[in-house]
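What follows is a single structure, written as structure tokens, with notes after it.
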Amino acid sequence: MEQNVQNYGAYAQQGCAVQRQVGFGEALKRGFSNYANFNGRASRSEYWWWALSTIICCIPILGWIYGLAILVPSIALGVRRLHDTGRSGWWLLVNLVPFIGGLIILYFMLQPSQEGDSQYGPMPNLQ
């Protein structure tokens, strides 16, 4: 705890949980190792590194092949990210509403993790 207090100052002294941010490689590894895992939670950094890799790899020639390969893990990661914010994975279906649905999901994905354990599991990446 002392190390956390030194690293995170007043935030850790208030008793708030401190989440470790995952890197690009670890996020990809977790995404593929939890290929169709719709249970549990995914941190904000894990979700956004995965999203960045998806954007980078969607070049016209290989885009559809890559898109098919990551379809299920992307849905699973989206569900776990919604779980991390305290929402049901069924909220992902809001994406089917043109324009507004995507904005609502973007808002949800930008939210910080729900503090502590939830009905979906323990808080991910705690130090």
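Read-outs throughout are calculated quantities, based only on the coordinates presented, and are distinct from any laboratory measurement. This structure is a prediction, so every number in the text was calculated from the model and none was measured. No Cβ is skipped: glycine too gets one built from the backbone with ideal geometry, and neighbour counts run over all protein chains shown.
The gain in end-to-end length when the Gln21 to Gln111 segment is fully stretched comes to 30.9 nm, 0.36 nm per residue minus the alpha carbon separation.
So what is the diffusion coefficient of segment 22-110 in µm² per second by Stokes-Einstein at 10 °C and 1.306 mPa s, using a Kirkwood Rh over Cα pairs? Rounded, D is 120 µm²/s. Summarising the amide proton neighbourhood of Thr85: residues at separation of 5 or more, or on other chains, whose placed amide H is nearer than 5 Å comprise Gln114.
What order, most packed first, do the peptides 85-96, 21-32 have when packing is the mean number of other Cβ atoms within 10 Å of each residue?
21-32, 85-96
Here r is the Cβ-Cβ distance between Leu52 and Ile104 and R0 is 22 Å; the resulting FRET efficiency, rounded to 0.05, is 0.55.
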